[in-house]
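The structure appears right after this line, and notes come after that.
The values are calculated or read from the model by the stated rules, or taken from the named source; none is laboratory data. Source: prediction; values computed, not measured. A quick note on method: Cβ atoms are made from the backbone with ideal geometry, for glycine too, and the neighbour counts reach across all protein chains shown. We work out accessible area using only protein heavy atoms, side chains counted, and drop any ligands, DNA or RNA first. Shrake-Rupley method; radii C 1.70, N 1.55, O 1.52, S 1.80 Å.
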Amino acid sequence: MVAVISGASKGIGFAIAQKFVSLGMHVAICARNLAELQVAKERLQTFHADSCILIGAYDLTKQSESEEFARQVLDTFGAIDILVNNAGKFIPGDIISEPDGVLESLVETNLYSAYYLTRALLPSMLKRKKGHIFNISSVAALKEYEHGGSYSISKYALQGFSKNLRHELMSYDIKVTTINPGATYSDSWKGSGVAEDRIMKVEDIADTIWGVYQLSPQAVVEDIVLRPLKGDV
């Protein structure tokens, strides 16, 4: 089995890759920083020596680089079983006062990267009529909240992408699941002053994805919301 995970050099993406590798799967991981990817690959290999771990340093907000990564993946593995669109960026702010360019930057990272990479890999899935796409969104896509700003807008857009994609792929037996995590202890929360045991672990997201993937072929989980037990932070 082969999985592709974007934004996987650390945080939630790395935890997902670690879960898959520990189960003996092959993975292709992507991020912008090659040095961080190389470290991630070395760490992942310790969980299963026989897993093939492909790394690609690409900026997925650019269509050409998304397509190049997809070519690298398909040239290496031939086909994939799981795509996890996890690449994302968080910038808090208010629509009325955030700097110019924040909306464009967040939409590029949180929406375009998923759109481009999915379209680049879809032809091989359509041909096989097989695959599962997971889009990592956020509880920020479910309701308004303080300082959501353009981040919330970009995640609402990702929700729209997921829903339309799910509808289009039903007849091809390809599943689409949107994961909406609340506060999860990744790099963006380190140094925030919030206690690590107050919010979710990155492994919670990885375990959830694996559980959803194991359902029967005729079942799909469309949307999942995960929050810290004591509520949003």
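What ³J(HN,Hα) values, in whole Hz, does the Karplus curve 6.51 cos²θ - 1.76 cosθ + 1.60 give for region 200-215 when θ = phi - 60°, with x put for Gly and Pro?
Along region 200-215, the couplings run 6, 8, 4, 5, 4, 5, 4, 5, 5, 4, 5, x, 5, 5, 7, 5 Hz.
Would you give the gap between the C-alpha center of region 63-131 and the C-alpha center of region 182-217, rounded to a whole Å?
So the two Cα centres are separated by 20 Å.
Mean-square fluctuation check for the chain, GNM, Cα pairs under 10 Å: which of Ala183, Ala35, Ala141 is largest?
Highest fluctuation of the listed residues: Ala35.
Quick check: from the Cα gyration tensor, does region 13-93 come out rounded (a/c under 1.5), prolate or oblate?
Details: a/c = 1.76, a/b = 1.27, b/c = 1.39.
Since a/c reaches 1.5 but b/c is at least a/b, the shape of region 13-93 is classed as oblate.
Using Cα-Cα distances under 8 Å and only pairs 6 or more residues apart, what relative contact order does the chain have, in percent?
The normalised contact order for the chain reaches 19 percent.
Counting Lys and Arg as +1 and Asp and Glu as -1, what is the net charge of the other residues whose Cβ lies under 12 Å from the Cβ of Gly56?
Net local charge, Gly56 excluded: -2.
Give the lysines reachable from Lys175 as a straight Cα distance under 24 Å; neighbours fewer than 8 places away on the same chain don't count.
Cross-link targets: Lys19, Lys127, Lys129, Lys130, Lys155, Lys163.
So, R0 is 41 Å and r is the distance between the beta-carbons of Asp50 and Lys230; what FRET efficiency does that work out to, to 0.05? If you can, show how the numbers build up before the last one.
Details: r = 41 Å, r/R0 = 0.99.
According to the calculation, E is roughly 0.50.
With every protein chain present, what is the per residue accessible area of the chain (1.4 Å probe, Å²)?
Values: 11320 Å² over 233 residues.
Ligands and nucleic acids excluded, the result is 49 Å² per residue.
Around Lys143, under 14 Å between beta carbons, what's the net of Lys plus Arg minus Asp minus Glu among the other residues?
Details: positive: Lys155, Arg227; negative: Glu144, Glu146, Asp223, Asp232.
Summing Lys and Arg as +1 and Asp and Glu as -1 gives -2.
On the accessible surface of the chain, probed at 1.4 Å, how many percent belong to carbon and sulfur atoms?
C and S atoms contribute 52 percent here.
How much net charge surrounds Thr208 when only the other residues with a Cβ under 15 Å from the Cβ of Thr208 are counted, with Lys and Arg +1 and Asp and Glu -1?
-1
Packing-wise, with mean Cβ within 10 Å as the measure, how do 54-61, 209-216 rank, highest first?
Values: 54-61: 20.5, 209-216: 14.4.
With the highest mean Cβ count within 10 Å placed first, the list reads 54-61, 209-216.
Tell me the mean residue ellipticity at 222 nm calculated for the chain from its helices only (DSSP H runs of n ≥ 4, each -39500 (n - 2.57), averaged over every residue, nearest 500). Let's see the in-between values first.
On the way: 7 runs with 94 residues, N = 233.
-13000 deg cm²/dmol, from helical runs alone.
Output wanted: per-residue J couplings in Hz (rounded whole) for region 178-192, from phi through Karplus 6.51 cos²θ - 1.76 cosθ + 1.60, θ = phi - 60°, x for Gly and Pro.
9, 9, 10, x, x, 4, 10, 6, 10, 4, 5, 9, 5, x, 7
Find how much the distance from Ser188 to Ile96 grows on full extension, using 0.36 nm per residue of separation minus their present alpha carbon separation; answer in nm with one decimal.
Working: separation 92, 0.36 × 92 = 33.12 nm, distance 2.35 nm.
Answer, rounded to one decimal: 30.8 nm.
Would you please classify the overall shape of the chain from the alpha carbon gyration tensor, given that a ≥ b ≥ c denote the square roots of the eigenvalues, rounded means a/c under 1.5, and beyond that prolate means a/b larger than b/c while oblate covers the rest?
Because its axes are fairly even, with a/c under 1.5, the chain counts as rounded.
Under 12 Å between alpha carbons, and skipping anything fewer than 8 positions from Lys201 in its own chain: which aspartates and glutamates qualify?
Qualifying aspartates and glutamates at Cα under 12 Å: Asp187.
What's the FRET efficiency of Glu42 with Tyr145 using the Cβ-Cβ distance as r and R₀ = 35 Å, to the nearest 0.05? Write down the numbers at each step before the final one.
Numbers: r = 38 Å, r/R0 = 1.09.
About 0.40, to the nearest 0.05.
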